[in-house]
Each structure stands twice: as C-alpha cells, then as structure tokens.
Amino acid sequence: MSERPDRPDRPLSDSLISSAAAPRGEAARAAAPIVPRNSIAGRALIVVVAIMTFLASLTTAGVMLVLASAAEWQSDVAREMTIQIRPVAGRDLEAEVREAAAIARAAPGIAEARPYTAEESARLLEPWLGSSLALDALPVPRIIVLRVAPGRRPDLAGLRAALSARIAAVTVDDHRGWIDRMRTMASTAIAGGVGILALVLVATVLSVNFATRGAMAMNRPIVEVLHFIGARDGYIASEFQRHFLRLGLTGGAVGGVAAMAVLAFAGVFRDLFLGTPVEEQASALFSTMSIGVAGYAAVIGQIILVAAVTALTSRQIVSQTLAAIE
C-alpha cells in the first residue's frame with residue numbers, strides 16, 4: 001500500500017462515518033468510533049478475558065502459597081535432626097537414650113536435644129497402628145529430636161561416630177531426603193503454574209484473534225473507505241488497539257478482582273466448617289490462603305499483562321489485514 005502525503009492524518013475517518021450514518025438534513029453529530037463499543041462480540045470477549053484472568057490469578061496465588069509453605073517447611077526441617085535408638089536385647093534402652101542425648105548436647109552446632117518418652121514414641125505410631133494396639137511388646141525405637149543452633153553447621157560425621165562408639169543400634173537422620181522432596185514439589189508447582197499461565201495467554205490470544213477478525217469483517221467497508229481516502233494504517237490500527245485494550249482492561253479487572261475477593265474471604269469459608277468433622281482439614285487449607293502484598297501485586301500485574309496482550313494482538317491482526325488490502 002502506498003500512503004499519500006497530501007491526505008490528512010487526522011481523525012477524518014470518524015467524521016466520514018458520522019456523515020455517512022447521519023440522516024439527510026441533520027446537523028453535525030458526534031463522531032462514532034470505527035469499532036462499536038457495546039457489541040455482543042465485545043461483551044463475550046470481556047467474559048472470556050475475565051475467566052482467563054481469574055484462573056491465572058488463582059493459579060499464581062496457589063503457586064505462591066505452595067512456595068511459601070515449602071520454604072517454611074524446609075526451614076523447619078533444616079533446623080531439626082533426629083536420633084533413633086532401636087532396642088537391643090541385653091542393653092538398657094533408657095540409659096542409652098540418656099547417654100545419646102548427652103552426647104548430642106555436647107556436639108558442636110546442636111542447641112537442644114529432647115528425648116521422646118516411651119509414650120510419646122508410641123503415639124507416633126498410632127496413625128498407622130491405631131490406639132487400641134498394645135505396643136509394649138513391640139520393639140518401638142526411641143526418638144531424640146535435635147535442634148540446630150542458628151547460623152551453625154553441625155558436624156554430622158563426628159556426631160555419628162561418637163554415637164556409634166557408645167550406642168548399639170543408633171542412626172542419625174538429618175532429613176535431607178525430605179528437603180529434596182520439598183524442593184522437587186516446589187519446582188513442580190512452579191512448572192505447572194507457568195504452564196497454566198502460558199495456556200491462559202494462548203487462549204486469550206486466540207480469543208482476541210477471532211474477535212478482531214470478526215470486528216474487521218463487520219466493519220470492512222468502512223475500513224476500506226478510510227484506507228483508500230488516505231487514513232494511515234497506524235491510525236486505523238490504533239483505533240482497534242484502543243478498543244480491545246479497553247475490553248482487555250475491563251475483563252482483566254473483573255477476573256482479577258474476583259480472584260482477590262476469593263482469596264481475601266477464604267477465612268469465611270473456613271468458619272463454615274467449625275464444629276464439623278473436617279474442621280482441622282478446612283483450617284489447614286484456608287487459614288494459609290494469604291498471599292500478602294506481593295501476591296496482590298502479581299494479580300494486578302497479570303491484569304495489565306492480559307490487557308496488553310489483548311491490545312497488541314488486535315493491532316497485529318489489523319495491521320496484517322490492512323497490508324493485504326490493495
């Protein structure tokens with residue numbers, strides 16, 4: 001397409017549309033936009049963008065909650081270790097527990113060593129064996145919980161050697177396996193969240209693609225007239241871009257605010273389960289649904305991102321369509 005420099009690059013198109021649509025004898029009327037603002041396709045696109053933004057915001061909030069919980073769990077697990085002493089025939093288990101606790105307290109980097117009583121050790125097995133089973137006849141090992149001093153790195157090799165030299169059947173667990181599992185879980189959550197966000201953006205682009213092509217098809221005669229009388233392609237594309245930017249911001253705001261409302265009032269849903277058999281589970285699920293300022297900022301950023309993707313996609317499609325008009 002060749003642009004003619006003697007043709008104006010002002011909103012002549014709006015006046016042209018107004019004049020063409022006005023009845024004869026009517027005075028000048030307000031300029032009408034190229035793309036109707038309140039169309040069925042526009043409202044449908046707002047609904048689609050709102051749904052996509054809502055799902056994306058909940059996904060982001062879920063990923064942030066998982067990361068925060070995993071970081072807290074890793075911190076707690078990393079600060080603790082356990083010593084397990086198994087009963088051995090001919091050995092005084094209680095004496096070995098006291099001796100192992102003393103060795104652990106004297107080890108560098110260990111701030112506290114707390115031996116579990118026989119009753120406490122037995123209660124650890126109740127979720128699997130039940131409370132009605134007599135555990136006195138079973139060789140239930142004894143547990144000593146060690147708390148690592150802040151900023152210190154304990155000498156695990158030295159602790160294991162000192163315990164093995166004095167205790168018959170003893171093991172030291174630093175919980176590294178659990179920490180690795182938590183890191184894997186967090187990484188999986190991040191990858192899943194990024195994948196869902198990518199799918200949401202792809203679905204948004206496709207929806208805007210169809211909506212823009214539909215708007216171009218409905219207004220093609222007007223666009224062609226504007227094109228041939230000298231209106232620049234950039235001006236026409238900007239009209240579509242502003243229209244779809246408004247739709248994207250409206251839909252994104254609706255979906256984002258709905259997601260923030262769900263997260264903000266999660267405690268209300270938790271209260272509904274008070275006094276029921278699932279009270280503890282509901283409290284564990286909903287009491288941590290607080291994403292903080294960073295989470296709400298991420299939701300607002302997604303609203304802006306969806307609106308920008310909507311506007312840029314429409315501009316690209318309009319520019320390609322205009323380039324095909326000869």
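The values are calculated or read from the model by the stated rules, or taken from the named source; none is laboratory data. Quick caveat, the model's predicted, so the values are computed rather than measured. So basically every Cβ, Gly included, is an ideal-geometry build from the backbone, and we count neighbours across all protein chains shown. These accessible areas exclude ligands, DNA and RNA; they are computed on the full protein's heavy atoms, side chains included. Shrake-Rupley method; radii C 1.70, N 1.55, O 1.52, S 1.80 Å.
In this simple spin-label approximation, Thr188 and Ala258 carry label points 7 Å from Cα along the Cα→Cβ vector, and these lie 3.0 nm apart. The order of the peptides 193-204, 301-312 by mean Cβ neighbours within 10 Å, most packed first, is 301-312, 193-204. The length gained on full extension between Ala198 and Glu99, counted as 0.36 nm times the residue separation minus their Cα-Cα distance, comes to 29.9 nm. Computed with a 1.4 Å probe on the full set of protein chains, the accessible area for Ser164 sits at about 80 Å². Sorted on the mean count of surrounding Cβ atoms within 10 Å across their residues, most packed first, peptides 63-72, 88-97 read 63-72, 88-97. When Ser319, Ser121 are compared by accessible surface with a 1.4 Å probe, the order from highest to lowest is Ser319, Ser121.
Between Ile179 and Asp155, the simple label model (points 7 Å from Cα in the Cβ direction) yields a spacing of 2.0 nm.
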